[in-house]
Amino acid sequence: MCSATILPCGHSGNRLAIKLADGYRASDVDDTGGNLAANARRLREARGLSQQQMATLSGIPRPTWASLESGDANPTLSVLARAAAALSVSIEELIGPPRTAARLFTAAEVRTRKRKGARLRPLLPEAIAGLEISRLELEPGGHLNGIPHTPGTREYLTVESGRIELVASGERWQLGPGDSLVFRGDQRHTYRNLDAARPAVAISVVCFSAS
């Protein structure tokens, strides 16, 4: 997750400066005012409180609270700390991207890799470091040669339908619906559909080594 370090600016009273951490985008800082407004309103409404009740609870004047929710505020660190404490969240969460923010990825946006005899479709539309989850569909009698990953990689294969044979390092396993196999993903391996009449489907989870 993105994170930021919040520091009081010595040259401007207790207004805020935001020090970017690794992976934190400048656009996230640009959106701080909008994030604050959306979060303050969403969190207050989730608690079933009015602006006046929230102002009383936080010790912040109601006009100041209203400005937080309108996006027009330039709050001090003290105001942000009081607002965050009243909402039972951290300051970072209060000014960060709303946790309820969502994005719809249509089927057309998800890139499916097609190889002879097989289709690989990511189940996660956004990349997660060190993790890759895909839906593997093998055509009747089809096979797929897996590409060895970096040393230390582990793979988890769970069959949903059909029967799949996996060969790795000279060993051979046959899996049916509900069966799972954990194996080293840093070696040559092959998936094969044992049924010449029907497709086989499995979920592949690849966990890359942190080293």
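Values as computed for the structure displayed
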item: Normalised contact order of region 97-145, rounded percent, pairs of Cα under 8 Å and 6 or more residues apart; result: 32
item: Derived scalar couplings ³J(HN,Hα) [region 139-147; Karplus, 6.51 cos²θ - 1.76 cosθ + 1.60; whole Hz; x for Gly, Pro]; result: 5, x, x, x, 9, 9, 8, x, 8
item: 3J(HN,Hα) from dihedral phi, region 165-181, Karplus parametrisation 6.51/-1.76/1.60, rounded to Hz, x for glycine, proline; result: 9, 10, 10, 8, 6, x, 9, 9, 10, 10, 10, x, x, x, 6, 10, 10
item: Per-residue HN-Hα couplings for region 66-75 [Karplus 6.51, -1.76, 1.60; θ = phi - 60°; Hz; x = Gly/Pro]; result: 4, 5, 4, 6, 8, x, 8, 7, 10, x
item: Net charge of Cβ neighbours under 15 Å - reference A196; Lys, Arg +1; Asp, Glu -1; result: 0
item: FRET efficiency, S50 to L104 (Cβ-Cβ, R0 35 Å, nearest 0.05); result: 0.60
item: Accessible area per residue in Å² at 1.4 Å probe, computed on region 100-211; result: 62
item: Surface accessible to a 1.4 Å probe, F208 within the full protein complex, Å²; result: 70
item: Local net charge near P177, Cβ-Cβ under 11 Å (Lys/Arg +1, Asp/Glu -1); result: -1
item: Where W65, W173 fall by accessible area, highest first, once all protein chains stay in place (1.4 Å); result: W173, W65
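The values are calculated or read from the model by the stated rules, or taken from the named source; none is laboratory data. This is a predicted model, so every value here is computed, not measured. Methodologically, a virtual Cβ is constructed for each residue, glycine included, from the backbone with ideal geometry; neighbour enumeration extends over all protein chains shown. Keep in mind that these areas ignore ligands, DNA and RNA; they rest on the heavy atoms of the full protein, side chains included. Shrake-Rupley method; radii C 1.70, N 1.55, O 1.52, S 1.80 Å.
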